[in-house]
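The structure appears below as structure tokens.
Read-outs throughout are calculated quantities, based only on the coordinates presented, and are distinct from any laboratory measurement. Here the structure is a predicted model, which means the values were calculated and not measured. Cβ placement follows ideal geometry from the backbone for every residue including glycine, while neighbour counts extend to all protein chains displayed.
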């Protein structure tokens, strides 16, 4: 039973529901990617180094295994992403009969935006265009043409 307020009226309790996360939870490898790769490098290097190969060849094998794991994981991520070639083509959904008719009819309220008509260019008696004086400032030592 909800508690009563100071004037005897019941208080309304509002419960907010937390929406679920839209991003899927990450795996352990995704969460600690570089840590897992570093641990893999150290373990493989120690295993091969202590196995009789020596320190430097063991380190090289560890780098090779770690790099190949990283590249393989990147290929796996690319193939499962939206940019992968397998999921690039999606069939177009079919439209209903009403939607097809609606697409055929133009919208009567739609008025396309067109540029405003320009004034005709003034032409002088010699047939050349006359430009306003602001286009070409007069040169020093010359009189402006009229």
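Structure notes:
- Taking segment 11-39 and a reference point 7 angstrom along Cα→Cβ of residue 73, the backbone N atoms nearer than 16 Å belong to 26-39.
- With a Förster radius of 30 Å applied to the C-beta separation of residue 81 and residue 43, the computed FRET efficiency comes to 0.55.
- Relative contact order %, segment 28-79, counting alpha carbon pairs below 8 Å whose residues are six or more apart: 31
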